[in-house]
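Comments concern the structure below.
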Amino acid sequence: MTEEIAAVDAYRRSVEATVVEVHDTAVVLDRTVFYPRGGGQPGDTGSLRSGDGEVAVLDTVKRDGTVLHVIEGGNLQIGTSVEAVIDWERRHLLMRTHTALHALSAVIWRDFDAKVTGGNMEPGSARMDFELEAISVDFGREVAGVLNEELARDLPVYVHFLPREVALADPDLIRTKVNLLPDFIDPIRVIEIEGLDKQADGGTHVRSTAEVGAVVVTKTESKGKANKRIRIELAG
Ligand SMILES: [Zn+2]
């Protein structure tokens, strides 16, 4: 079982670790700062540095609970000591983007009663789909205005690990269907933007909404009845 540092400290950029499994195109470490793809957030990229040089990590994924660092070539053996280093610039962009999506979903829920139906993100840009009957350019502008006001309030963002029974009883978490998480997940990791949003979530986020900066709504489009898409980009 790999110790997943990103789950508790999203700001750790590197860690000393030991290779514990070697596969054709991936290695497993005893601990890692790499975030494995999931919940709409892409897996981290970066490198594994050892006495033999440096191996690029092209992606990070999770298979049957195991974090796989996807690599190409290299000569890593079980027992090799490495420094695992993420591409921090890319990761930090993803942290800002992911936090922006939480704020967006909270604003749409609070002001327009619409739930999220799906979403995806890249470093610096994202899309999210909502159970909305209609959408327009004006609506996108209105949402962008409210969203940027909320982000500018510099709201703190917290990571909580709540006992399952506590999470299931929290009315703020019910809308995000926390009850559908598999029974064995306990405690449940929750990301809270103070006064705005609370969701069960495995991803990495920034410490405050001011760190997200301003967001632009770049497109609004219909993806069918009661399914409308909003695309956002970080402004800078
Ligand atoms: Zn999320």
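The values are calculated or read from the model by the stated rules, or taken from the named source; none is laboratory data. For clarity, every value in this text was computed on a predicted model and none was experimentally measured. Cβ coordinates were reconstructed from backbone atoms using ideal geometry, including for glycine residues, and neighbour counts include every protein chain displayed. Side chains are part of the model used for accessible areas, which takes the heavy atoms of the whole protein and leaves out ligands, DNA and RNA. Shrake-Rupley method; radii C 1.70, N 1.55, O 1.52, S 1.80 Å.
Any chance you could give the angle, 0 to 90 degrees and rounded to 10, that helix 137-152 forms with the longest Cα principal axis of the chain?
Between the helix axis and the principal axis of the chain, the angle is about 60 degrees.
Mind ranking 115, 225, 198 by accessible surface for me, highest first, 1.4 Å probe?
225, 115, 198
Test of understanding: extend the Cα→C-beta vector of residue 159 to 7 Å, then name every residue of the range 1-37 with backbone N under 14 Å from that spot.
3-15, 32-36
Between beta-carbons, use under 15 Å as the cut-off and find the net charge around residue 22, counting Lys and Arg +1, Asp and Glu -1.
Spelling it out: positives minus negatives among the neighbours equals -4.
Going from most exposed to least, what order do 88, 109 have by accessible area with a 1.4 Å probe?
Largest accessible area first, the list is 109, 88.
Taking the DSSP beta bridges in the chain as the whole, what percent of them are antiparallel, to the nearest 5?
95 percent
For the range 14-30, what does the Karplus curve 6.51 cos²θ - 1.76 cosθ + 1.60, with θ = phi - 60°, yield as ³J(HN,Hα) per residue in whole Hz, taken in order and with x for Gly and Pro?
8, 7, 7, 8, 10, 6, 10, 8, 10, 10, 3, 10, 7, 10, 10, 10, 6
On a 0 to 90° scale, report how tilted helix 88-112 is relative to the longest principal axis of the chain, with both axes built from alpha carbons and the result rounded to the nearest 10.
On a 0 to 90 degree scale, this one is about 30.
Ignoring ligands, DNA and RNA, what percent of the accessible area of the chain is carbon or sulfur (1.4 Å)?
48 percent
Once the whole set of protein chains is in place, how much accessible area is left on residue 112, using a 1.4 Å probe, in Å² to the nearest 10?
60 Å²
Compute the relative contact order of the range 1-93 as a whole-number percentage, counting only Cα pairs closer than 8 Å that sit 6 or more residues apart in sequence.
33 percent
Quick one: of the DSSP bridges fully inside the range 1-79, what percent are antiparallel, nearest 5?
For the range 1-79, the DSSP antiparallel bridge percentage is about 90.
Starting from the Cα-Cα distance between residue 152 and residue 75, subtract it from 0.36 nm times their residue separation and give me the gain in nm to one decimal.
Details: separation 77, 0.36 × 77 = 27.72 nm, distance 4.73 nm.
Once the chain is fully extended between residue 152 and residue 75, it gains 23.0 nm.
Report Rg(Cα)/(2.2 N^0.38 Å) for the range 47-97, keeping two decimals. Display every interim value, and only then the final one.
Values: Rg = 12.4 Å, N = 51, 2.2 N^0.38 = 9.8 Å.
Rounded to two decimals, the normalised Rg is 1.26.
Not counting the cut sites, what is the longest span of the chain without GluC sites (Glu not before Pro) that DSSP labels loop and that have at most 14 other Cβ atoms within 10 Å? Write down the numbers at each step before the final one.
Values: sites that count: 72, 133, 194.
Formally, the longest exposed-site-free interval is 1-71.
Within the chain, how many Lys pairs that are eight or more residues apart, or on different chains, come under 23 Å at the alpha-carbon?
Close lysine pairs under the 23 Å cut-off: 13.
Roughly how many whole Å is it from the C-alpha centroid of the range 1-57 to that of the range 191-236?
Distance between centres, Cα-based: 26 Å.
Using helices alone, what [θ] at 222 nm do you get for the chain, with -39,500 (n - 2.57) per DSSP H run of 4 or more residues, divided over all residues and rounded to the nearest 500?
After summing the helix terms and dividing by residue count, I get -7000 deg cm²/dmol.
Any number yet on Rg/Rh for the range 166-213, C-alpha, Kirkwood?
1.00
Using only the alpha-carbon atoms, what does the chain span along each of its principal axes? Please give whole angstrom values in decreasing order.
Computed over the chain, the largest-to-smallest principal extents equal 56, 40, 34 Å.
Could you rank 138, 170 by how accessible they are, 1.4 Å probe, largest area first?
Details: 138 100, 170 25 Å².
From most exposed to least exposed: 138, 170.
Scan around residue 67 for amide H atoms under 5 Å from its own, H built in the peptide plane at 1.01 Å from N, and keep only partners 5 or more places away or cross-chain.
Residues meeting the criterion, in which the H sits 1.01 Å from N, are 2.
Grab the beta carbon distance between residue 180 and residue 231, set R0 = 35 Å, and tell me the FRET efficiency rounded to 0.05. Can you show the working numbers first?
On the way: r = 26 Å, r/R0 = 0.76.
So the FRET efficiency works out to roughly 0.85.
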